[in-house]
Amino acid sequence: MEEIKVVVADATHEKYVDTILKTIEDAAKVRGTGIAKRTHEYVTTKMREAKAVIALCGDRFVGFSYIETWGNKHYVTTSGLIVHPDFRGCGLAKRIKDMTFTLARTRWPKAKIFSLTSGAAVMRMNTQLGYKPVTFADLTDDEAFWRGCEGCINVDVLKRTGRKYCICTGMLYDPEAHLPCKLPEEVLERIKKMDK
């Protein structure tokens, strides 16, 4: 079997978008859970903006995920993680998740990274990376993000609860929570002045 490569996607990977969307849709049906639907144009844009990760075995699609910023880049989501059924059980989801997490941390090192998931495997991966379960109130208040849930079969739960609860679990990685200690506010202000 050929080596499976996990890379940051670019415009050359646009030919896989329909396959990605179909694989995500099929997986949601099998699991019987909700998933935010994305358009062909949306996924293509993520690839062009270096906000997507794709896994390939030669020219064959294997897996995918993407990132997006919210709330003036104070928050980043890692979303749409999918592995083609023919390649599940080989640790590829972890490789893809690690790449999207690294991409998000590299591009926006001070942003909080969050994930909404109903899958136990994603919860385990998030926990290994340092995410903590949180209430939806701890996530972005960016309306554009929450509109993305409109395509999910469980959006009625989200609406009925005033966006406080849903089937998904909210998980958050806060980079400040991973610092070994906090700097005093006056030191932070002094640094900001020097960096201007």
I'd like to verify a number: residues in the range 122-149 that are of a type in the set (S, T, Y) and farther than 29 Å from R95 by Cβ, how many? 1
Can you name the number of the only condition in (1) closer than 26 Å to P109 by Cα; (2) of a type in the set (A, V, I, L, M, F, W, C); (3) at pLDDT below 95; (4) open to solvent by less than 20 Å² (accessible area, probe 1.4 Å) that A27 fails? (1)
Got at least one residue in the range 132-146 being over 18 Å from the mean Cα position of the chain (by Cα) and among the β-branched types (V, I, T)? no
Output the strands (runs of 3 or more DSSP E) that fall wholly within the range 17-120 and possess 2 or more residues being closer than 18 Å to W146 by Cα, or say none. 60-70, 75-83, 112-117
Conditions first: (1) open to solvent by less than 20 Å² (accessible area, probe 1.4 Å); (2) in contact with a helix residue (DSSP H, G or I) (Cβ under 6 Å, 6 or more places away or on another chain); (3) within 16 Å of S115 (Cβ to Cβ). V62 passes all but one, so which condition is the exception? (3)
Subset of the range 134-158 (residues that are under 24 Å from A27 (Cα atoms) and in a helix (DSSP H, G or I)): F145, W146, R147, G148, C149, E150, G151, V155, D156, V157, L158
Under 7 Å between Cβ atoms, at least 6 apart or on separate chains: pull out the pairs that start in the range 127-142 with a residue that is open to solvent by 80 Å² or more (accessible area, probe 1.4 Å) and end on any residue that is among the aliphatic types (A, V, I, L, M) and not in a helix (DSSP H, G or I). K132/M171; K132/L172; P133/M171
Residues of the range 88-126 being polar (S, T, N, Q) and more than 13 Å from G170 (Cβ to Cβ), which ones? T100, T102, T106
Those residues that are out of contact with any Ser or Thr (no Cβ under 6 Å at 6 or more places or on another chain) and surrounded by 13 or more Cβ atoms within 10 Å (Cβ to Cβ), I need them from the range 8-18; list them, please. V8, A9, D10, H13, Y16
With respect to L92, is the statement that it is of a type in the set (A, V, I, L, M) and open to solvent by 10 Å² or more (accessible area, probe 1.4 Å) true? no
Closer than 18 Å to A50 by Cα and open to solvent by 70 Å² or more (accessible area, probe 1.4 Å) - does that describe any residue in the range 95-102? yes
Just checking, how many residues over the range 168-180 are in a loop (DSSP other than H, G, I, E, B) and open to solvent by less than 90 Å² (accessible area, probe 1.4 Å)? 2
Enumeration of residues in the range 149-167 that are within 20 Å of the chain's Cα centre (by Cα) and open to solvent by less than 70 Å² (accessible area, probe 1.4 Å): C149, G151, C152, N154, V155, L158, C166
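The values are calculated or read from the model by the stated rules, or taken from the named source; none is laboratory data. As the structure is a prediction and not an experimental result, all values here were calculated from the model. Positions of Cβ are backbone-derived with ideal geometry, glycine not excepted, and every protein chain shown enters the neighbour counts. Accessible surface areas use protein heavy atoms only, side chains included; no ligands, DNA or RNA. Shrake-Rupley method; radii C 1.70, N 1.55, O 1.52, S 1.80 Å.
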